[in-house]
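Chemist: Quick one: the structure is below, and I'll ask about it shortly.
The values are calculated or read from the model by the stated rules, or taken from the named source; none is laboratory data. No experiment lies behind these values; they were computed from the predicted model shown. Neighbour counts are summed over all protein chains in view; Cβ atoms, including those assigned to glycine, are modelled from backbone coordinates with ideal geometry.
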Amino acid sequence: MRYVLDRAAYCDAGVIAENRLPARSYFIPYPDRAEAVPAARRRYESPLVRCLSGEWDFRFYPRPAELPDVLDTETVAWDRVAVPGCWQFQGYDRPFYVDERYQFPFDPPRIPEEGPVGPVFSLIGGEGGRPHVAHPVGEYNFAGVYRRTFDLDEREASVGHVISFLGVASCLDLYLNGRHVGYAEGSHNTAEFDIAPCQRAGTNELVAVVRRWCTGSYLECQDMFRNNGIFRDVLLREVTPSGIWDVGVRTRREERASRVRYHMAVDLRLVAESTVRVTLLGHGLERVAEAHADGCRATVDLGELDVLEWTAETPHLYDLILETPTECVRERVGFREARVDGRRFLVNGRPVKLHGVNHHDTSPTAGYAMTPAEIERDVLLCKSHNIDTIRTSHYPPDPYLLELCDELGVYVIDEADLETHGALVGKFPARQNRLTNDARWEARYLDRAERLVERDKLRTCVIMWSLGNEAGGGCNADAMYGLVRSRSSLPVHYEGAIHSLRRAYDVGSEMYSTVERVRSVGEGRSTTRRLNDRPYLLCEYAHAMGVGPGGIEDYWRQIYAFDSLMGGCVWEMADHAVLHPDGRYTYGGDHGEWEHDGNFCVDGILYPDRTPSTGARVVRHCYRPLRVRHLGGDFFMVHNATSFTSGEAFSLRFEWNDGGVAELSCDVAPLRQQSYLVRPTSSVARELGEGLRRDRSRRVTVTVRRRDTGEEVSREQIRLSEMAPLGDVLLARDAAFPEGCEVTGEGLAVAGVMAPAATPVLLCRAETDNDRYLSGGRPMERFYDCRREVLSVVEGEGTAVVTSRLVFPHHRFVCEDTYEAVAAGVLVTSRLHCERGRGDLPRFGVCYRLDASWDKVEYLGRNGESYQDMCEQTQVERVSCRVADMTEPNIRPQESGNRMDCQYVIVSNGEKNVQLTAVDRPFELAVKPYSDEELRGMRHREDEARSGTYVTVQAFQMGIGSGSCGPATRPEYRFDCRRDYELRYLVSWE
Ligand code: IPT
């Protein structure tokens, strides 16, 4: 078939859409009530809806000029691709990751049409992050043409059809049976067209021309892989004679003498005048009302209702059944009210704290396209990690995600598809509000706001609308605010307002603020005055790039202390990276991108395949519903951090490390604290290690489970007494070193067992992502190049003292290592003194090398990756594992796997054991299959080649922070280099 292609709409600033139907609620219609079963994946179940996803014909045009004026589908050499999908993940073009910049010159409203792209100016990202002009080669506004057919029988051809595209990047020119149907942009917004004028009985041919960029791309400069294609489902919907076109519900909550009642009205639009019957069903309630939709509209009042309210903790839903003579829509709806009351953010009249995460629709194998199973997994992962809020950064998600949040109980901050970050960096001087304060763009901004609110207005989980991300402020944001508030009673969030005179909408919001700043807002003392009179959200905080985030608990101490602090959303849920068939992951720059931001996209608490990283464990722990504190003696304080759930919903099991056990049921009310007396009631037999393996501290571990499901929600450990020093008997002096052991200028070697590593004293770690501060500064690098000079080796009877100097570009230290023969082995004392330099000392550790056959590790210490500012998610216990279990599989290898609070470690090759035992206080432990120097050169997982077993005992390592995009490690987790430090441990072997 032949098609005259439209070459104008995508690049015409005056065109946002052609023939696109008005925005409306997302729902799935059925022919009648019997068919309308409430299935989870509804869109695939209805006889009135055909999902057109599957294999489509596809032709990629790397030179848009080669796209013919008249396309003859008979003569095109079609490939086949999957819909939904992104062409960069299907063998066309290539993945391209860039954060804040456009991929084309910033010259609004112009976008590249048929010629090559460039040159592209940017204020950031050049050599040393400086302004530069890039000259991309071979870059065009690529086009992809999709084709598929579908059949309509005589009956079907006689009724109307609407086609719904749930997501197409960046725009869509739709054709059917040789005719142009319409045009749409707004990648993550639904685009619908009436195809009745072009449809026919028999085979229908659908053609979609998708461009890499359109005018709308100026509003889609989000930090993510820049993908293209039809990336969400395509639905073909039959329009029945009295079909339901749009549904909205309005609820009003009334609280009288602690009795809560709701009023509900249902607003309907039908395709033709008809009667309509509305039924609300569930939890023992059935309310029916009927109306006649004159002029296709009806409002059906269901009157006063005594209902169970919906919250993320109690996701009670009802069935709302709408019936016309030809159609039935059965939607799951809940009753909730979200509003701002002075400085408090209330859900159903109660203050809530949002334990949130930012969620992108991202898949390592399909880009923006996520399968229903993947979406389900993401929501379930939120639930199992105590996450109760998703901010849909930075666009409306697949509608299915919201249906699941309704069902399972997750609050949603639903965000418009809008970000203009590149407007800030694409032109000199940098101006945040370039597009957002330019009234010529208003219609496009309003279009995105309208499509957000209209599509998702039925979803109970939405507690706030968000106007977008990082687009500055000004008249267009204000216009969006006005539109949203005119259509919905929900509060409006927009962080970007902070960059305008307005500063905030219904709630104040910032990203990556310091704890001090958050506290000052809580106290109402912020220098940004409009943050002081309303609730405040950290819409992004705790940047989870690489190892981290550290220091998250410090925010929550403030959030729980002040009513006005609503909580926050960790950045972000999952790493973005591309998984290749051979198992490799790649990130920015690995695909030959001419501009990129490296691994800045790898910043999730889950790895790309959704395996939880330590970050996920940190978040799960910090967001736990019940928090336990030791008050002294047998008294413990329980803080119920939920808003609606009594402590009785949980069981608490206390286990002391000497074997004592107690169960506690506590009735602490939501948002309250209460103290309880807890004594061990029974005791389980425990193996109490002897001598060097004895556990020398007292702790209690509290495991909290949900009573109804038995599911564990948290485990926290409370230290009751410090570690006792090693006994005198073990440390009694001996006249000579045991056989096989030798002390040289390098340190202690044990023949056939271990030797000092090439860099025996470690004062830094292989830089984590959070050690590269976005604000500038790289604390590790200053300690990378170490020159070690041995000043003296003094040997006595069963003693040796090695004095060395460690010289760095800006620092100089003297290290004195004393080795003493004692009854149990060799006692090592390392003392560090700074001769020159200032600032932080990242680490003080001593590293030994063993060969790779020493693969078994046993230690008593924290049972997972832990650092000064991210350790509470782990517990001190006895752990047996392999060397490979002692590092974490970061997508970009970096320092990982530290273990805090260790009392000893035993490394074994199956025949022999070597043990390092803490003497007067626990040490931090690292066991790695490669040296820190080797690790520093690694870029991808596959670089992690094993070269031995490296055991490092450390007096300390500084905390992690979230400096890759936010505050660096806080002072309380840092160590001043001008202080003297000591590390003592015992080395023994058998
Ligand atoms: C912030 C963005 O909103 C988010 O999309 C992401 O880029 C994040 O940073 C970093 O990963 S913007 C930043 C300049 C504060």
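Chemist: Consider Pro95 carefully, then state whether it is surrounded by fewer than 20 Cβ atoms within 10 Å (Cβ to Cβ) and more than 16 Å from the ligand (Cβ to nearest atom).
Modeler: Details: surrounded by fewer than 20 Cβ atoms within 10 Å (Cβ to Cβ): no; more than 16 Å from the ligand (Cβ to nearest atom): yes.
No: the conditions fail for Pro95.
A quick yes/no check of all residues on (1) closer than 26 Å to Leu806 by Cβ; (2) of a type in the set (Ser, Thr, Tyr); (3) touching a Ser or Thr at 6+ places or on another chain (Cβ under 9 Å):
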{"site": "Arg849", "(1), (2), (3)": "yes, no, yes"}
{"site": "Glu858", "(1), (2), (3)": "no, no, yes"}
{"site": "Asp885", "(1), (2), (3)": "no, no, no"}
{"site": "Pro929", "(1), (2), (3)": "yes, no, yes"}
{"site": "Asp943", "(1), (2), (3)": "no, no, no"}
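Chemist: Looking at region 522-580, which of the residues that are assigned to a loop (DSSP other than H, G, I, E, B) and polar (S, T, N, Q) is farthest from the chain's Cα centre (by Cα)? Spell out how you get there, then give the answer.
Modeler: Filtering region 522-580 down to residues assigned to a loop (DSSP other than H, G, I, E, B) leaves 523-528, 532-535, 544-551, 562-564, 572-573, 575-577, 580.
Then drop every residue that is not polar (S, T, N, Q), which leaves 526-528, 532, 564.
Working: Ser526: 28, Thr527: 30, Thr528: 28, Asn532: 28, Ser564: 24 Å.
Checked region 522-580; the qualifying residue farthest from the chain's Cα centre (by Cα) is Thr527.
Chemist: Within 16 Å of the ligand (Cβ to nearest atom) and surrounded by 23 or more Cβ atoms within 10 Å (Cβ to Cβ) - does that describe any residue in region 237-257? Lay out the reasoning, then the answer.
Modeler: Taking region 237-257 as the starting set, the residues that turn out to be within 16 Å of the ligand (Cβ to nearest atom) are none.
No, because not a single residue in region 237-257 is within 16 Å of the ligand (Cβ to nearest atom) and surrounded by 23 or more Cβ atoms within 10 Å (Cβ to Cβ).
Chemist: Here's something else I'd like to know. Could you give me the residue pairs with C-beta distances under 8 Å whose first residue belongs to region 216-228 and is within 15 Å of the ligand (Cβ to nearest atom), whose second residue is outside any helix (DSSP H, G or I) and of a type in the set (A, V, I, L, M) wherever it lies, and which are 6+ apart or on separate chains?
Modeler: Cβ pairs passing all conditions: Leu219/Leu418; Leu219/Leu435; Leu219/Ala471; Glu220/Ala169; Glu220/Leu418; Phe225/Val578; Arg226/Val98.
Chemist: May I pose another question? Write out, first by first residue and then by second, each pair whose Cβ atoms fall under 9 Å of each other, whose residues are 6+ apart or on separate chains, and whose first residue, in region 462-489, is without any contact (Cβ under 8 Å) to a residue 40 or more places away in the chain while the second is within 16 Å of the ligand (Cβ to nearest atom) and not in a loop (DSSP other than H, G, I, E, B).
Modeler: Asp478/Ala497; Tyr481/Ala497
Chemist: Which ones in region 380-398 are more than 16 Å from the ligand (Cβ to nearest atom), buried (at least 22 other Cβ atoms within 10 Å of the Cβ) and either more than 27 Å from Phe96 (Cβ to Cβ) or among the β-branched types (Val, Ile, Thr) (or both)? So that I can check it myself, show each step before the final result.
Modeler: Looking only at region 380-398, we keep the residues that are more than 16 Å from the ligand (Cβ to nearest atom), and these are 380-389, 398.
Now narrow it down to the ones that are buried (at least 22 other Cβ atoms within 10 Å of the Cβ): 382, 385, 387-389, 398.
Cys382, His385, Ile387, Asp388, Thr389, listed by residue number.
Chemist: Let me ask something else. Scan region 564-586 residue by residue and report those that are touching a helix residue (DSSP H, G or I) at 6+ places or on another chain (Cβ under 8 Å) and charged (D, E, K, R).
Modeler: Arg584
Chemist: Something else about it: Can you go through Asp79, Asp107, Asp72 and tell me which one is under 22 Å from Val425 (Cα atoms), among the acidic types (Asp, Glu) and away from the ligand (no atom under 16 Å from the Cβ)? Working first, answer last.
Modeler: Values: Asp79 fails: under 22 Å from Val425 (Cα atoms); Asp72 fails: under 22 Å from Val425 (Cα atoms).
Sole residue among the options that is under 22 Å from Val425 (Cα atoms), among the acidic types (Asp, Glu) and away from the ligand (no atom under 16 Å from the Cβ): Asp107.
Chemist: Filtering region 1-38 down to residues that are under 38 Å from the mean Cα position of the chain (by Cα) and basic (Lys, Arg), which residue is farthest from Phe193 (Cα to Cα)?
Modeler: Result: Arg24.
Chemist: Then there's this: In the set Thr149, Thr203, Thr190, which member is touching a residue at least 40 places away in the same chain (Cβ under 8 Å), among the β-branched types (Val, Ile, Thr) and under 27 Å from Tyr102 (Cα atoms)? Quick ask: steps written out before the conclusion?
Modeler: Numbers: Thr149 fails: under 27 Å from Tyr102 (Cα atoms); Thr203 fails: under 27 Å from Tyr102 (Cα atoms).
On inspection, the qualifying residue turns out to be Thr190.
Chemist: Say we look at region 425-437 and pick out the residues that are crowded, with 24+ Cβ neighbours inside 10 Å and not small (Gly, Ala, Ser); which of these is nearest to the ligand (Cβ to nearest atom)? Give the steps one after another, and end with the answer.
Modeler: First, pick out the residues of region 425-437 that are crowded, with 24+ Cβ neighbours inside 10 Å: 426, 435-436.
Next, from what is left, pick out any that are not small (Gly, Ala, Ser): 435-436.
Values: Leu435: 16, Thr436: 15 Å.
Residue satisfying both the conditions and the ranking: Thr436.
Chemist: Mind listing just one residue for me: the one in region 597-609 that is in contact with a His (Cβ under 8 Å, 6 or more places away or on another chain) and more than 24 Å from Met566 (Cβ to Cβ) and, of those, surrounded by the most Cβ atoms within 10 Å (Cβ to Cβ)?
Modeler: This residue is Cys601.
Chemist: Please tell me if Ala208 is surrounded by 20 or more Cβ atoms within 10 Å (Cβ to Cβ), at pLDDT 95 or above, of a type in the set (Gly, Ala, Ser) and under 17 Å from Gly422 (Cβ atoms).
Modeler: Numbers: surrounded by 20 or more Cβ atoms within 10 Å (Cβ to Cβ): yes; at pLDDT 95 or above: yes; of a type in the set (Gly, Ala, Ser): yes; under 17 Å from Gly422 (Cβ atoms): no.
Spelling it out, it is not the case that Ala208 is surrounded by 20 or more Cβ atoms within 10 Å (Cβ to Cβ), at pLDDT 95 or above, of a type in the set (Gly, Ala, Ser) and under 17 Å from Gly422 (Cβ atoms).
Chemist: For region 464-481, check the following and say yes or no: at least one residue is within 16 Å of the ligand (Cβ to nearest atom), part of a loop (DSSP other than H, G, I, E, B) and within 30 Å of Val266 (Cα to Cα).
Modeler: Checking region 464-481: at least one residue is within 16 Å of the ligand (Cβ to nearest atom), part of a loop (DSSP other than H, G, I, E, B) and within 30 Å of Val266 (Cα to Cα).
Chemist: Just need a number here: residues in region 350-369 that are of a type in the set (A, V, I, L, M), away from the ligand (no atom under 16 Å from the Cβ) and crowded, with 24+ Cβ neighbours inside 10 Å.
Modeler: Kept after step one, since they are of a type in the set (A, V, I, L, M), are these residues of region 350-369: 352, 354, 357, 366, 369.
Narrowing the set further to residues that are away from the ligand (no atom under 16 Å from the Cβ) leaves 352, 354, 366, 369.
Now drop any that are not crowded, with 24+ Cβ neighbours inside 10 Å, which leaves 352, 354, 369.
Residues flagged as of a type in the set (A, V, I, L, M), away from the ligand (no atom under 16 Å from the Cβ) and crowded, with 24+ Cβ neighbours inside 10 Å within region 350-369 amount to 3.
Chemist: From the list Arg232, Arg211, which one is more than 16 Å from the ligand (Cβ to nearest atom), closer than 30 Å to Gly115 by Cα and in contact with a Cys (Cβ under 6 Å, 6 or more places away or on another chain)? If you could, list the steps in order and put the result at the bottom.
Modeler: Values: Arg232 fails: in contact with a Cys (Cβ under 6 Å, 6 or more places away or on another chain).
Only one candidate qualifies: Arg211.
Chemist: Looking at Pro112, is it crowded, with 16+ Cβ neighbours inside 10 Å, in contact with a Leu (Cβ under 9 Å, 6 or more places away or on another chain) and not small (Gly, Ala, Ser)? Outline the logic, then answer.
Modeler: Details: crowded, with 16+ Cβ neighbours inside 10 Å: yes; in contact with a Leu (Cβ under 9 Å, 6 or more places away or on another chain): no; not small (Gly, Ala, Ser): yes.
When the stated conditions are applied, Pro112 does not pass them.
Chemist: Exactly one condition in (1) surrounded by 19 or more Cβ atoms within 10 Å (Cβ to Cβ); (2) more than 16 Å from the ligand (Cβ to nearest atom); (3) not in a helix (DSSP H, G or I) is false for Gly583; which is it?
Modeler: (1)
Chemist: Can you go through Arg50, Arg43, Arg33 and tell me which one is of a type in the set (D, E, K, R), assigned to a loop (DSSP other than H, G, I, E, B) and either under 24 Å from Arg269 (Cα atoms) or at pLDDT below 95 (or both)?
Modeler: On the way: Arg50 fails: assigned to a loop (DSSP other than H, G, I, E, B); Arg43 fails: assigned to a loop (DSSP other than H, G, I, E, B).
Going through Arg50, Arg43, Arg33 in turn, just one is of a type in the set (D, E, K, R), assigned to a loop (DSSP other than H, G, I, E, B) and either under 24 Å from Arg269 (Cα atoms) or at pLDDT below 95 (or both): Arg33.
Chemist: While we're looking at this one, here's another question. Report whether or not Thr460 is part of a loop (DSSP other than H, G, I, E, B), modelled with pLDDT of 95 or more and within 16 Å of the ligand (Cβ to nearest atom).
Modeler: Values: part of a loop (DSSP other than H, G, I, E, B): yes; modelled with pLDDT of 95 or more: yes; within 16 Å of the ligand (Cβ to nearest atom): no.
No, not satisfied.
Chemist: Determine the pairs where a residue that is of a type in the set (Lys, Arg), located within region 527-549, has a partner that is away from the ligand (no atom under 13 Å from the Cβ) and part of a helix (DSSP H, G or I) with Cβ atoms under 8 Å apart, the partner being 6 or more residues away or on another chain.
Modeler: Within 8 Å, no pair qualifies.
Chemist: Of all the residues that make up region 482-499, how many are under 27 Å from the mean Cα position of the chain (by Cα) and away from the ligand (no atom under 16 Å from the Cβ)? If you could, list the steps in order and put the result at the bottom.
Modeler: Quick first cut of region 482-499, residues under 27 Å from the mean Cα position of the chain (by Cα) only: 484, 490-499.
With away from the ligand (no atom under 16 Å from the Cβ) added as a condition, the list becomes 484, 490-492.
Matching residues across region 482-499 total 4.
Chemist: Please state which one of Pro612, Pro549 is in contact with a strand residue (DSSP E or B) (Cβ under 6 Å, 6 or more places away or on another chain) and either surrounded by fewer than 24 Cβ atoms within 10 Å (Cβ to Cβ) or of a type in the set (Val, Ile, Thr) (or both).
Modeler: Working: Pro549 fails: either surrounded by fewer than 24 Cβ atoms within 10 Å (Cβ to Cβ) or of a type in the set (Val, Ile, Thr) (or both).
Exactly one of Pro612, Pro549 is in contact with a strand residue (DSSP E or B) (Cβ under 6 Å, 6 or more places away or on another chain) and either surrounded by fewer than 24 Cβ atoms within 10 Å (Cβ to Cβ) or of a type in the set (Val, Ile, Thr) (or both), namely Pro612.
Chemist: Name the strands (runs of 3 or more DSSP E) wholly within region 746-859 that hold at least 3 residues that are in the same structural domain as Val905 (by TED's automatic domain parsing) and under 38 Å from the mean Cα position of the chain (by Cα)? Give the derivation first.
Modeler: Values: elements: 747-750, 755-762, 787-796, 799-807, 812-822, 825-836, 843-850.
Here the list reads 755-762, 843-850.
Chemist: Going through region 589-599 one residue at a time, which ones are within 12 Å of the ligand (Cβ to nearest atom) and either out of contact with any Phe, Trp or Tyr (no Cβ under 8 Å at 6 or more places or on another chain) or small (Gly, Ala, Ser) (or both)? Walk me through it before giving the result.
Modeler: Step one: filter region 589-599 for residues within 12 Å of the ligand (Cβ to nearest atom), giving 597-599.
Within region 589-599, just Gly598 meets the criteria.
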